[in-house]
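Written out below as structure tokens is the structure these notes cover.
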Amino acid sequence: ATVLAACMFGSASAAELVVGFSQIGSESGWRAAETTVTKQEAEKRGVDLKFSDAQQKQENQIKALRSFVAQGVNAIFLAPVVETGWDDVLKEAKEAEIPVILLDRTIKAPDDLYLTAVTSDQVHEGKVAGEWLVKNAGDKKCNIVELQGTTGSSPAIARKKGFEEALAGHENFKIVRSQTGDFTRSKGKEVMESFLKAENGGKDICALYAHNDDMAVGGIQAIKEAGLKPGKDILVVSIDAVPDIFQAMAAGEANATVELTPNMAGPAFDVLDAYLKDKKEPPKWIQTESKLYTPADDPMKVYEAKKGLGY
Ligand code: GYE
């Protein structure tokens with residue numbers, strides 16, 4: 001009833017729209033930017049955003065969702081840390097007639113349990129990263145180490161899959177080590193240090209593929225401390241396009257990244273408005289763009305431009 005009233009009186013009463021946002025945490029620069037942008041978008045639209053930080057724990061997200069349902073919010077935004085284990089709580093939201101929109105990660109659940117998902121094509125991102133490497137590493141034997149995202153998360157699963165698809169049929173490329181760095185800079189550095197030790201001090205590694213830029217930045221640090229040149233001795237390719245990776249590119253220490261917009265909330269609020277107003281069902285997937293950046297793209301200029309966008 002509150003929603004209808006809010007809509008009938010146009011944007012002035014949109015302030016009555018209450019949206020609960022269950023955020024994963026602040027593991028990466030990209031994640032922090034998504035939080036900032038979501039809050040900005042809510043404010044711009046006069047939406048009352050109830051923000052909850054789960055500190056990487058699914059159980060905290062489930063608690064947050066139950067509390068949003070109990071409060072009777074008009075809608076829920078959920079950035080799901082892992083793919084599975086959401087059915088029960090999403091059924092509760094559905095019974096309460098509260099639409100749920102997934103942000104930036106997908107889940108394995110019947111798709112009538114959420115209104116839509118605003119995400120990138122994460123298999124494609126991995127593929128773009130892999131294709132860049134295949135094209136640019138030459139014909140020599142290339143041993144790759146991989147820093148995976150959070151275990152069980154859709155981007156970790158899909159970005160691995162897409163990357164491997166790009167390598168298929170190119171026999172000189174081989175992933176020799178692959179481990180999670182949990183999407184964080186510190187864990188990325190720590191795991192890269194162990195990779196370097198295990199691979200002849202890094203001399204046997206040709207490339208680092210990291211599922212996000214933060215882990216790549218941590219990896220770059222580890223490579224430097226091992227006395228090698230990131231970007232040259234070991235090629236570095238990753239995903240997100242956060243400002244720091246462009247600084248690394250400008251310094252010749254990173255080679256390619258695939259852009260992920262931190263503005264998932266904008267499209268989410270747009271379809272939510274249309275849904276609450278006219279019951280207009282959005283498509284189940286709203287795909288955001290993925291663009292490859294390399295040092296040829298004037299990295300310091302991109303760095304400056306990115307700085308204002310929630311980073
Ligand atoms: O790439 C990474 C973050 O869920 C797609 O999560 C997102 C990923 C993003 O922490 O930096």
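Looking at (1) buried (at least 19 other Cβ atoms within 10 Å of the Cβ); (2) assigned to a helix (DSSP H, G or I), which one does residue 40 not meet, given that it meets all the others?
Just one mismatch for residue 40, condition (1).
Only one residue in 280, 307, 284 is without any contact (Cβ under 8 Å) to a residue 24 or more places away in the chain and in contact with a helix residue (DSSP H, G or I) (Cβ under 9 Å, 6 or more places away or on another chain), so which one is that?
Only one candidate passes the filter, namely 280.
Scanning for something away from the ligand (no atom under 13 Å from the Cβ), over 17 Å from residue 124 (Cα atoms) and in contact with a Phe, Trp or Tyr (Cβ under 8 Å, 6 or more places away or on another chain), does the stretch 149-168 turn up at least one residue?
No, the stretch 149-168 contains no residue that is away from the ligand (no atom under 13 Å from the Cβ), over 17 Å from residue 124 (Cα atoms) and in contact with a Phe, Trp or Tyr (Cβ under 8 Å, 6 or more places away or on another chain).
Being within 22 Å of residue 83 (Cβ to Cβ), within 26 Å of the chain's Cα centre (by Cα) and outside any strand (DSSP E or B) is the requirement here; does residue 165 meet it?
So residue 165 passes the test.
Can you pull out the residues in the stretch 258-284 that are surrounded by fewer than 19 Cβ atoms within 10 Å (Cβ to Cβ) and farther than 22 Å from residue 28 by Cα?
Passing the criteria: 270, 273, 274, 275, 276, 277, 278, 279, 280, 281, 283, 284.
Need pairs with beta-carbon distance below 8 Å; first residue over 14 Å from residue 180 (Cβ atoms) and among the polar types (S, T, N, Q) and within the stretch 205-222, second within 11 Å of the ligand (Cβ to nearest atom) and modelled with pLDDT of 95 or more; sequence gap 6+ or separate chains.
Correct list of pairs: empty, since none qualify.
So residue 189 ticks every box in (1) in contact with a Phe, Trp or Tyr (Cβ under 7 Å, 6 or more places away or on another chain); (2) more than 28 Å from residue 84 (Cβ to Cβ) but one. Which box is left unticked?
(1)
With (1) within 16 Å of the ligand (Cβ to nearest atom); (2) more than 17 Å from the chain's Cα centre (by Cα); (3) small (Gly, Ala, Ser) as the list, and residue 207 as the residue in question, which single condition is left unmet?
The number of the failed condition is (1).
For the stretch 65-95: of the residues being part of a loop (DSSP other than H, G, I, E, B) and either at pLDDT below 95 or touching a strand residue (DSSP E or B) at 6+ places or on another chain (Cβ under 7 Å) (or both), which is nearest to the ligand (Cβ to nearest atom)?
Applying the filter and picking the extreme gives 79.
Going through the stretch 103-129 one residue at a time, which ones are of a type in the set (A, V, I, L, M) and closer than 26 Å to residue 51 by Cα?
Once the filter is applied, which keeps residues that are of a type in the set (A, V, I, L, M) and closer than 26 Å to residue 51 by Cα, the stretch 103-129 yields 103, 107, 109, 113, 115, 117, 118.
I'm trying to understand the selection: among the residues of the stretch 212-265, which are on the phi > 0 side of the Ramachandran plot and within 12 Å of the ligand (Cβ to nearest atom)?
Residues satisfying the conditions are 240, 241.
Determine whether residue 129 is of a type outside the set (Asp, Glu), within 16 Å of the ligand (Cβ to nearest atom) and within 12 Å of the chain's Cα centre (by Cα).
No; evaluated as a whole, the condition is false for this residue.
The values are calculated or read from the model by the stated rules, or taken from the named source; none is laboratory data. Source: prediction; values computed, not measured. We place every Cβ from the backbone using ideal geometry, glycine too, and count neighbours over all the protein chains shown.
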